[in-house]
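What follows is a single structure, and I will ask about it in a moment.
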Amino acid sequence: GFNGKRRLKLDTPPGTAGPAVWSNDGQSILYLHFPPPRRELNEIRVYYVDSRQDRRIAKTSQFVCFSPNRDASVLVGASSGKATPYVFLLLRSTGKELPLCEHKSSRPAEVNPFFSADSKWVFYESDHDGHTAIYSVELGNLIEPTA
């Protein structure tokens, strides 16, 4: 509540909870989970607030930031891997990743990729050219447009 009562600590797996996004229906939270060092890959998880259930959506290619499209069927994320400085599309139904482009940012956590409202474009930030700029990638027929 707005008065600070009924506060709820979300029970998440060991490690650190990263960036989080409310679902459009307000019933769940999508978040990036960083497991304890040197154990596993980073993963995107969903926490259902009413039932207090937490489950993995998919392991990632070391995502450090992400965002969902309008219906959360596809996620876009930026990898922090030195060998994989990519922006990826992640299909929620299969957990499979598709490399979209290289971000080449010196600060991967600040790439902040996101979808346009209709899911036809992905926008992201990078300092690859020596200063921060916003880049766009047209998705064409890679995913279904959202209304």
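The values are calculated or read from the model by the stated rules, or taken from the named source; none is laboratory data. Treat the numbers as computed from the prediction; the structure is a model and nothing was measured. For neighbour counting, all protein chains shown are included, and Cβ atoms are generated from backbone atoms with ideal geometry for every residue, glycine included. Remember, those area values only see protein heavy atoms, side chains included, never the ligands or the DNA or RNA. Shrake-Rupley method; radii C 1.70, N 1.55, O 1.52, S 1.80 Å.
All but one of (1) open to solvent by 60 Å² or more (accessible area, probe 1.4 Å); (2) over 12 Å from the mean Cα position of the chain (by Cα) hold for residue 139; state the number of the condition that does not hold.
Answer for residue 139: the failing condition is (1).
Just the residues that are open to solvent by 80 Å² or more (accessible area, probe 1.4 Å) and either assigned to a strand (DSSP E or B) or in contact (Cβ under 8 Å) with a residue 12 or more places away in the chain (or both), please, taken from segment 53-95. It would help to see each step written out before you state the result.
Step one: list which residues in segment 53-95 are open to solvent by 80 Å² or more (accessible area, probe 1.4 Å), which gives 53, 55-56, 59, 70-71, 82-83, 93-94.
53, 55, 56, 59, 70, 71, 93, listed by residue number.
How about segment 109-126: which of its residues are closer than 18 Å to residue 31 by Cβ, open to solvent by less than 30 Å² (accessible area, probe 1.4 Å) and not aromatic (Phe, Trp, Tyr)?
Those that are closer than 18 Å to residue 31 by Cβ, open to solvent by less than 30 Å² (accessible area, probe 1.4 Å) and not aromatic (Phe, Trp, Tyr): 111, 113.
Any residue in segment 126-147 that's in a loop (DSSP other than H, G, I, E, B): show its pairings with residues that are open to solvent by less than 90 Å² (accessible area, probe 1.4 Å) and not acidic (Asp, Glu) at Cβ separation under 6 Å, as long as the two are six or more apart or on different chains.
127/105; 127/106; 143/74; 143/119; 145/119; 146/69; 146/119
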